[in-house]
Amino acid sequence: EHRWNSREHMVQEDMSRQDRELGACPRESPSFHSHFTALTIAREPRSKHGAKDGAVGSGQGCANTSSGAATAVTTALFEPSGDGQTPQVVVLVGAPGMGKTTMVRKVMVEWGERMLHTRFDFVFCIDCKAIALPMEASVADLVSQCCPGLRVPAGKILDDQKKILFIFDGFEALGFSLVQPEAELSSDPREVKPLELTLMSLLKKTLLPEASLLITTRPAALGSLGQCLEGEYYVEILGFSTARREEYFHRYFENLSEADMAFGFARGNEILYSLCVIPVMSWTVCTILEQELCGTKNLLECSKATTGMVVFYLSQLLKHRDRDNPEVLQQFLLQLCSLAADGIWKHKVLFEEKEIKDCGLDQPGLLPFFLNERIPKEGEDHGNVYSFTHLHLQEFFAAMFYVLEDDGEMVSSLGRLEKDVNKLLESYSKSRKDLNVTVRFLFGLVSQKSMEYMDKTIGCRISPRAREELLKWLQGRHRGLSHPGQALKVSEMDTFHFLFEMNEKSFAQSVLGHFTDLDLQDTKLTLHDQMALSFCIQHWDGLGCVTLQGCSFHWKDPEAERDASVPCSGVSGAGGRPGALAVRRREELPCPIHLLCRALRHRGSALRVLRLQWCRLSESCCAELAALLAEHPGLARLELGDSSLGDGGVRLLCEGLRSPGCRLRVLR
């Protein structure tokens with residue numbers, strides 16, 4: 001009984017402290033389980049050669065951890081291997097923000113709620129980043145320090161080694177040498193030794209050889225750590241799978257309709273949704289969307305573009321880094337951006353150790369936040385290689401390279417990369433369509449909001465000259481196909497996305513104001529496309545004629561529509577009925593042209609002609625069109641060629657035509 005009481009005290013104390021450290025939003029949560037979302041992990045055994053044995057996660061397949069009692073996180077981490085052996089030492093590897101500490105918290109909660117009573121009687125968690133460890137200590141001292149309220153003598157606890165689990169969270173933060181003389185290692189749990197010797201004795205199994213160890217670390221520390229361990233298993237956190245991303249949103253937002261709205265918003269934005277594989281990015285997106293929902297109650301009016309969310313993510317990563325020495329951080333970011341841009345130009349995502357050192361990026365306090373380290377397999381003749389946590393983050397930093405101000409003395413250490421934004425834009429226009437995301441981030445970074453936020457939170461200054469160059473390029477890119485005072489003819493959405501990413505009315509007007517008509521053809525419009533197009537139409541003074549020919553309107557991509565027929569794993573649908581979530585989604589989907597019609601109805605609209613030809617409109621669109629007819633006094637011509645409106649749809653249109661506010665002259 002005393003033992004369980006001490007568990008509950010430790011878990012409650014640990015949870016409240018961790019909530020403060022992680023900066024999580026305060027929640028009235030009855031249980032940690034209700035907010036925990038399973039991560040995809042890859043397990044791999046490694047031999048006594050440690051660092052030479054292979055890349056983590058490269059071999060043995062993937063699995064999902066689960067939040068259910070039957071398959072607890074600890075069970076997933078310590079499950080027997082193919083030969084039936086249960087690992088005693090598990091190293092949990094992941095980049096910052098991938099969920100290592102959250103997994104540790106889940107283990108602690110499972111233990112506190114008696115889910116692990118058949119395996120471990122005691123779990124001692126040492127937070128290597130925060131705990132104030134003494135210079136000298138025995139294992140018994142560490143046990144007492146981990147749990148000061150423990151009523152059972154530490155010596156008695158240590159007698160039954162097989163029932164003990166030691167957790168070292170954030171091992172890379174300990175910062176001492178892992179090379180210690182074998183003769184000085186301890187075998188007595190009560191023997192006081194220098195701290196590094198005591199910890200090395202635990203790792204080398206000269207102390208408590210039958211106890212289990214769970215060590216979390218970043219990839220950068222694997223090489224040295226592997227030399228200390230034998231028979232260990234490595235588990236790499238790969239992030240959220242497609243299904244788990246949706247589950248995370250539903251666990252974050254306790255209101256089901258808000259969860260649907262937030263996930264639909266993220267799913268409709270291909271770049272953002274791809275980034276949500278990183279758990280901390282999912283948290284970032286949910287945090288921002290929660291604030292937006294508090295303000296507008298409608299994410300279709302969300303003012304935060306993709307760049308804004310990535311900038312917020314970056315500010316959270318760097319929150320407490322090098323505040324006393326901002327010049328070091330600035331220099332590091334400049335070199336990081338240079339590396340990213342060089343890689344984007346060369347279609348390169350893996351960087352050798354020599355490149356990292358040549359760029360001056362081999363700084364253990366900063367590098368792991370941005371780059372993952374891969375240790376070579378035995379027999380490979382190259383050193384460690386590095387990659388950005390996500391390709392879209394590499395593209396973001398590549399964009400930063402072109403717009404960041406520097407003191408003029410910083411020359412790219414790669415020695416061959418020209419900081420010429422016009423060259424980038426010209427290459428994109430001619431042939432390099434793979435640069436689209438980088439160019440989109442360029443526009444987001446030069447927005448007034450981004451410039452002010454970057455300067456205030458990270459200390460990075462964005463060049464106003466880059467903003468002028470982007471405006472000049474965008475104004476000139478449609479010459480030849482379009483003429484001022486006539487129609488802007490486009491078959492791609494990128495111009496609208498660039499303007500939406502910047503999200504400034506005056507900039508949009510500077511680009512679009514010369515045109516009186518819009519002619520968009522043969523385009524499949526996703527939700528994010530429609531938001532970008534609607535933003536531009538709303539801030540396009542003088543737009544008199546809109547022609548959409550052969551365009552289709554989609555609120556979800558085909559994969560999401562298939563997913564909607566399957567209840568989300570781990571999240572009950574409305575009323576707890578299987579499939580109820582999918583039914584409710586179908587019922588709540590707005591009319592496909594809702595955003596377009598709302599933008600066309602904005603105050604001051606000069607619209608006279610609307611053509612929606614071969615756009616596969618159905619009866620569900622007619623209520624919005626009727627409202628547009630009733631509320632827009634300038635609309636004189638409406639063409640709905642080759643649509644399946646049905647009798648019901650035509651009746652709705654007639655209601656709009658009979659409205660006193662309707663001034664329509666031609667219906668075709």
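The values are calculated or read from the model by the stated rules, or taken from the named source; none is laboratory data. Treat the numbers as computed from the prediction; the structure is a model and nothing was measured. Here Cβ is always computed from backbone atoms with ideal geometry, including for glycine, and neighbour counts include all displayed protein chains. Heads up: the accessible areas ignore ligands, DNA and RNA and are worked out on the full protein's heavy atoms, side chains in. Shrake-Rupley method; radii C 1.70, N 1.55, O 1.52, S 1.80 Å.
Laid out as a table, the results:
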{"item": "Among 76-88, 445-457, the order from most to least packed when residues are scored by Cβ within 10 Å on average", "result": "445-457, 76-88"}
{"item": "Over 23 Å between alpha carbons, listed pairs Lys348/Lys430; Lys346/Lys419; Lys319/Lys348; Lys423/Lys489; Lys319/Lys456; Lys162/Lys205", "result": "Lys319/Lys348; Lys423/Lys489"}
{"item": "Potential extension, Thr206-Asn255 segment - 0.36 nm per residue separation minus Cα distance", "result": "12.5 nm"}
{"item": "Label-point gap, in nm, between Ser315 and Leu667 - each point 7 angstrom along Cα→Cβ", "result": "5.0"}
{"item": "Most to least packed among 181-190, 394-403, 464-473 [average Cβ atoms within 10 Å]", "result": "394-403, 464-473, 181-190"}
{"item": "Computed E for Lys423/Ser506 - FRET, C-beta separation, R0 30 angstrom, nearest 0.05", "result": "0.65"}
{"item": "Rg/Rh (Cα only; Kirkwood hydrodynamic radius) as it applies to segment 326-474", "result": "0.97"}
{"item": "Projected label distance in nm at Ala606 and Gln521, using a 7 Å step from Cα toward the beta-carbon", "result": "2.4"}
{"item": "Highest to lowest packing among 610-617, 97-104, scored as the average C-beta count within 10 Å", "result": "97-104, 610-617"}
{"item": "Carbon/sulfur fraction of accessible area - segment 326-474, other protein chains in place, 1.4 Å, %", "result": "50"}
{"item": "Difference of contour (0.36 nm per residue) and Cα-Cα distance, Glu270 to Gln448", "result": "61.7 nm"}
{"item": "Rounded accessible area of His554 (nearest 10 Å², 1.4 Å probe)", "result": "50"}
{"item": "Per residue, in Å², the accessible surface of segment 326-474 once ligands and nucleic acids are set aside, probe 1.4 Å", "result": "45"}
{"item": "Summed residue charge, Cβ within 12 Å of Thr217's Cβ, Lys/Arg positive, Asp/Glu negative", "result": "-2"}
{"item": "Segment 603-665, accessible area per residue, ligands and nucleic acids excluded (1.4 Å, Å²)", "result": "54"}
